[in-house]
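S.K.: Attaching a single structure in structure tokens format; questions to follow.
The values are calculated or read from the model by the stated rules, or taken from the named source; none is laboratory data. Nothing here was measured: the structure is a model prediction, and the numbers come from that model. Glycine also receives a Cβ, built like all others from the backbone with ideal geometry; neighbour counts cover every protein chain displayed.
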Amino acid sequence: MLRGTLPAESLALGAEACVAGLRLTRVNRRDGSGSVSPAQPAMWTFMNFEADDSLTESLAWTLAQALLADGGWYANFTVGEEQVVVYAGRVFRYRQGDQTRRAEAVEYSKAVGVLIHQLDWAD
């Protein structure tokens with residue numbers, strides 16, 4: 001079972017992330033003021049989701065097409081022992097504990113404007 005989180009604010013205007021079998025498990029709002037970039041809103045809506053492992057590729061590339069390209073946004077999920085980190089037009093997949101591949105995702109994050117303290121996906 002894959003499980004992950006998507007900030008609603010990370011979706012591009014008009015984007016649709018339709019993946020049959022994707023289940024929303026929790027929605028919550030948080031105040032992020034003081035820890036966001038100038039391009040990000042102070043309030044965030046987090047959507048936790050899950051799906052069967054077989055939807056990994058479909059979900060990753062659907063999110064890659066739906067995420068905002070500007071503002072340092074990403075979504076992430078785990079599937080088994082693997083971490084999937086998704087940006088607009090880009091997907092990183094690596095086995096948990098693979099510090100080399102994680103570092104590649106982190107470097108890309110910095111290059112697209114993700115604040116260092118927002119790189120909090122579990123590994």
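S.K.: Which one of 62, 100 is surrounded by 15 or more Cβ atoms within 10 Å (Cβ to Cβ) and either outside any helix (DSSP H, G or I) or out of contact with any helix residue (DSSP H, G or I) (no Cβ under 7 Å at 6 or more places or on another chain) (or both)? Step through it out loud before you land on a result.
M.R.: Values: 100 fails: surrounded by 15 or more Cβ atoms within 10 Å (Cβ to Cβ).
Answer to the check: 62.
S.K.: With (1) modelled with pLDDT of 95 or more; (2) assigned to a loop (DSSP other than H, G, I, E, B); (3) among the small types (Gly, Ala, Ser) as the list, and residue 33 as the residue in question, which single condition is left unmet?
M.R.: Every listed condition holds for residue 33 apart from (1).
S.K.: Then there is this: Based on this model, can you work out whether residue 60 counts as modelled with pLDDT under 95 and under 15 Å from the mean Cα position of the chain (by Cα)? Explain how you work it out, then say what you get.
M.R.: Details: modelled with pLDDT under 95: no; under 15 Å from the mean Cα position of the chain (by Cα): yes.
It is false that residue 60 is modelled with pLDDT under 95 and under 15 Å from the mean Cα position of the chain (by Cα).
S.K.: Continuing with this model, one more query. Identify, from the list 104, 82, the residue that is at pLDDT 90 or above and more than 20 Å from residue 59 (Cβ to Cβ). Talk me through it step by step, then tell me what you get.
M.R.: On the way: 82 fails: more than 20 Å from residue 59 (Cβ to Cβ).
Result of the check over 104, 82: 104.
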